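Report on the following structure.
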Amino acid sequence: MKTVGLNNFQVRKHNKALFMQLMWRHKRLSKSQLAQLSGLTIPAASKILQELLEQGHVQHSSATLSTRGNSNGSFQLPAQGAWTLCLCVKPTSIELQLADAQLVAQGDYQQISINAQTPEQLLAEIETVWRATCKRWPKRQINLALAVHGQVDPVTGVSQHMPQAAWRSPLQLKFLLEEKLAVDVRVDNDCVMLALAEKWLNRNALAEFCVINVDYGIGSSFVINGEIFRGNLYGSGQIGHTIVDPHGERCNCGRQGCLETVASLSTLKRLAHQRAPQAVQPTSRQLLAAWQAGEPWIVEWAQRSAEAIGMSLYNFLNTLNINQIWLYGRSCTFGESWLQTIVHQIDFNPFDPRDALKSKATNVHFGQLDRARQVLGIGYLYVEADPGTA
């Protein structure tokens, strides 16, 4: 394998990108803080900041962040520029959080119920939400960042398959919305949204971690060496379709015994319908409430689902050796005992140094970001796509 060194230009480019990553995470930093966080000297930090100022990537801030010695004030991301409407889209709901040019939340997080039976109806619902937001902020250019369930091509912005949708054909979300609204549109999977939120908004996130969303389905997203790993066909993270029972129920992907057929909330709803086929099918919220009330069969099912998730994670950890995992989704309502059952399965991992430093051992936690910040994560697609800022 051929290897080459870095010339001065490449070193400066790397350091500028590092400074911008720090600025996007912290929003406002002093020169001394940037030097400390990057491991560079104050003179080196001064040169990098001067270039970023000249290029318009950062600007001076009036806030004083240092009380020691001579302070040159602080630096912040430019306040001017396009805002981003961050949406998490399903055929039954749209969640939204508006963000300014610095990706700081503006206004409240909202969730709107919809009933989109066709692709055209879904596009119309998204347009309605965007136009209503533009009406409230008439002087702002507002771009769109969409997180959708299922397989997504983030380059073309095509939703290949949305499991909860009544349709099965691909939907060109990016192209159709850009043509209709004349704004920049970014699209990716909803688990990527969670991974971006953890990467940029959780200062405790490591360079390698995984987020798992256990809800209607079961999806995941991996961050490896600080980068979202999507795979060449953008299908990375389909942990819900790892097979845990080769002779089990048939999954909607066509195979038998996928994790989703054992441990997802859609499976819980199906089992509830089988138990009482004449009754009105309960919602996921009602089933979770029944679990909290101690309904025996749901309590038993939750235990089995946690064991299956833990076993899939065990196999996954032995493959990629990622030791920080964040759990999201409504199934987290099952609480600490559910989490500990998952962790117990992972405890059998022979490659996990439980007796070594605690930071090296596998850590599985419930995600700590509230839903507003989770949805805000999809807006960081713009940061990652722009070499000048990412």
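The values are calculated or read from the model by the stated rules, or taken from the named source; none is laboratory data. Just so it is clear, the structure is predicted and the values come from calculations on it, not from any experiment. Note: ideal-geometry Cβ built from the backbone for every residue, glycine included; neighbour counts use all protein chains shown. Calculation scope for accessible area: heavy atoms of the full protein, side chains included, ligands and nucleic acids excluded. Shrake-Rupley method; radii C 1.70, N 1.55, O 1.52, S 1.80 Å.
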What is the packing order of peptides 242-250, 31-39, taking the mean over residues of other C-beta atoms within 10 Å and listing the highest first?
31-39, 242-250
Give me the one-decimal nm value for the distance between modelled label points at residue 6 and residue 365, 7 Å along each residue's Cα-to-Cβ direction.
2.9
Rounded, prolate or oblate: which one fits the range 108-149, using the alpha carbon gyration tensor with axes a ≥ b ≥ c (rounded when a/c is under 1.5, else prolate when a/b beats b/c, else oblate)?
prolate
Return the long-range amide H neighbours of residue 90 (sequence gap of 5 or more, or a different chain), with a cut-off of under 5 Å between placed amide H atoms.
95
The range 132-232, dipole about Cα centre (Lys/Arg Cβ +1, Asp/Glu Cβ -1), debye to the nearest 20:
520
Accessible area per residue, Å², the range 111-187 with all protein chains present, probe 1.4 Å:
53
With the charge dipole of the range 248-295 built from beta-carbon charges (+1 for Lys and Arg, -1 for Asp and Glu) about the Cα centre, the Cα from 262, 292, 252 projecting farthest to the positive end belongs to 252
Rounded to the nearest 0.05, what FRET efficiency do residue 283 and residue 386 have when you use their Cβ-Cβ distance and R0 = 51 Å?
0.80
Amide hydrogen neighbours beyond the local backbone of residue 186, cut-off 5 Å, H modeled:
144, 145, 146
With the contact rule set at Cα under 8 Å and sequence spacing of 6 or more, what percent relative contact order holds for the chain?
15
Is it possible to state the helix-based mean residue ellipticity at 222 nm for the chain, with each DSSP H run of 4+ residues giving -39500 (n - 2.57), the sum divided by total residues, to the nearest 500 deg cm²/dmol? What is it?
-12000 deg cm²/dmol
Computed Rg/Rh of the chain, alpha carbon atoms with Kirkwood Rh:
1.00
Rounded to whole angstrom, the alpha-carbon centroid of the range 262-277 lies from that of the range 1-51 at a distance of 52
Compactness ratio of the range 95-173: Cα Rg over 2.2 N^0.38 Å, N = residue count?
1.19
Under 16 Å Cα to Cα from residue 180, which aspartates and glutamates show up? Leave out anything in the same chain fewer than 8 places away.
120, 125, 127
Considering only Cα-Cα distances, which of the following residue pairs are longer than 28 Å: 135/199; 31/135; 139/174; 13/139?
135/199; 31/135; 13/139
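Once you order the gyration tensor axes a ≥ b ≥ c over the Cα atoms, which shape class does the range 120-254 get: rounded for a/c under 1.5, otherwise prolate or oblate by comparing a/b with b/c?
oblate
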Computed over the range 31-145, the ratio Rg/Rh where both radii use C-alpha atoms and Rh is Kirkwood
1.17
With a/c under 1.5 counting as rounded, go ahead and sort the range 159-207 into rounded, prolate or oblate using the C-alpha gyration tensor (a ≥ b ≥ c being the square roots of the eigenvalues; past the cut-off, prolate if a/b is larger than b/c, else oblate).
oblate
Each label sits 7 Å from Cα toward the beta-carbon; between residue 252 and residue 136 the label points are separated, in nm, by 3.0
Contour minus Cα-Cα span, residue 275 to residue 46, at 0.36 nm per residue, comes to 75.6 nm
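So between residue 13 and residue 113, what do we pick up on full extension, going 0.36 nm a residue minus the alpha carbon distance?
Additional length available on full extension: 31.5 nm.
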Debye calc, one equal point scatterer per Cα of the range 163-241, no solvent, log10 I(q)/I(0) at q = 0.23 1/Å comes to -1.12
